[in-house]
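Worksheet for the structure shown next.
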Amino acid sequence: MSVQYIEPICHFLDQIGIQTRYETLQGPTFLPGLLIQNGTILIDQEKLLYPGDVLHEAGHIAVCTPEDRPHLGGNITDNHPDKAGDEMAVLLWSYAAALHLNLPPDIVFHPNGYNGNSQWLIDHFTTGQYIGLPLLVWMGLAHNPDPNRPEVGFPNMLHWLRPQKHGGT
């Protein structure tokens with residue numbers, strides 16, 4: 001685990017309202033050294049391999065409705081099959097968060113994740129091909145990019161946490 005990345009990531013998450021806590025995790029976890037429990041990200045500093053995975057897991061919490069956040073736990077898509085469709089929004093959210101923190105995209109999209117598609121995701125996102133952006137817009141988290149007003153369009157976010165139960169703003 002690289003402290004140079006994990007500390008600013010956890011500070012950012014705390015600022016936006018996603019709780020993190022360091023603790024020793026027993027047993028297997030979906031991602032090494034990470035577990036979501038009741039909407040809080042538990043981090044085992046000895047087992048965490050990729051600090052960017054913390055941002056990805058935070059994205060799952062962020063795109064959930066406020067009502068669902070406190071109940072999230074374990075493997076999100078296995079425990080909540082209705083959340084499987086959120087994955088594209090989570091990918092974009094974690095990309096925007098990495099940019100916000102001035103982290104290289106490969107900190108989140110590391111070569112050992114994303115079923116071997118990390119570089120493909122980086123290539124698409126860094127060239128403005130934001131697959132899944134309509135979902136983030138529908139959730140009220142972002143606006144579409146606007147070349148006349150780049151400060152208000154994605155990858156800048158309107159909100160870091162989904163503001164309401166159903167999409168829209």
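Quick notes on this one:
- Label point distance in nm, residue 127-residue 148, each placed 7 Å from Cα along Cα→Cβ: 2.7
- Length added when fully stretched, residue 30-residue 88, from 0.36 nm per residue minus Cα-Cα: 19.0 nm
- Scaling the Cα radius of gyration of the range 3-138 by the globular reference 2.2 N^0.38 Å produces a ratio of 0.98.
Computed from the coordinates by the stated procedures, all read-outs in this text should not be read as laboratory data. Keep in mind that this is a model prediction, so the values were computed, not measured. Every residue, glycine as well, gets a Cβ built from its backbone with ideal geometry; the counts of neighbours run over all protein chains shown.
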